[in-house]
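In what follows, a single structure is set out as structure tokens and then discussed.
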Amino acid sequence: MNDSHLGSGDKEDLAVGSGGLSSGRDRGITEQSVPRDPSKWITVPVATSNIGSSISSTLTLWMPKDRALVNKIVDVYFTRLNVHRPVFFRSDFERKLNALYDEPNAQHDPGYICSMHLILALGTLSELNHQGSLADKDKKTPSDSPINTKKLLPAVWPEHDEFFERALAVKPHLRVTISSLQALILLQWYLYTEVCPFFLPLTVLIVSPIISDKVAPFGA
């Protein structure tokens with residue numbers, strides 16, 4: 001991999017905490033930052049507390065408004081991507097996702113919240129690639145990449161990089177936990193894919209080892 005030359009050669013430091021990315025993209029955005037188009041999102045109150053403290057507080061998360069599309073993108077991720085690099089059990093992930101929408105003030109797990117946004121980002125990229133390939137199979141060059149084609153998904157759905165930004169907003173809260181490790185694995189996956197998004201189907205093959213479907217995801 002050190003000898004490969006893919007895209008811009010962007011190299012990010014995945015240090016936990018704020019300001020960990022060398023590009024500086026994880027600075028200046030917080031969980032309270034308003035999305036580009038708030039009409040595509042809803043606010044969800046969640047409970048949070050510091051390690052070793054019994055004092056909890058409530059913060060507001062921005063979640064995609066269209067739950068049917070959320071379910072579709074989650075299905076895309078688990079059907080096409082998670083099978084190659086198992087990070088979550090689908091049932092466990094969806095149970096926590098439903099709790100965020102349906103149970104006000106559910107306990108806030110920073111690692112899971114960060115992972116959830118990154119899974120939606122990766123799933124969106126995969127679906128854009130898939131839809132673009134179906135729309136025009138004759139495109140041959142990177143400049144014709146379906147990832148650069150707009151409006152392949154419904155107008156109510158946010159851009160993939162918006163989910164990435166929401167994940168970065170949670171990144172400073174990551175702790176030394178399995179869920180934080182899962183988030184960092186997904187963050188690395190997204191950053192690698194972002195460098196050469198039109199090679200998304202190859203990303204799974206290049207980055208991930210061949211993993212048996214009997215291998216349990218992290219945290220199992």
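Coordinate-derived values only; no laboratory data. Note that this is a predicted model, so its numbers are computed, not measured.
For segment 82-125, the ratio of Cα radius of gyration to the globular rule of thumb 2.2 N^0.38 Å stands at 1.19. Under a 5 Å amide H cut-off, with hydrogens placed 1.01 Å from N, residue 106 pairs with 47 among residues at least 5 apart or on other chains.
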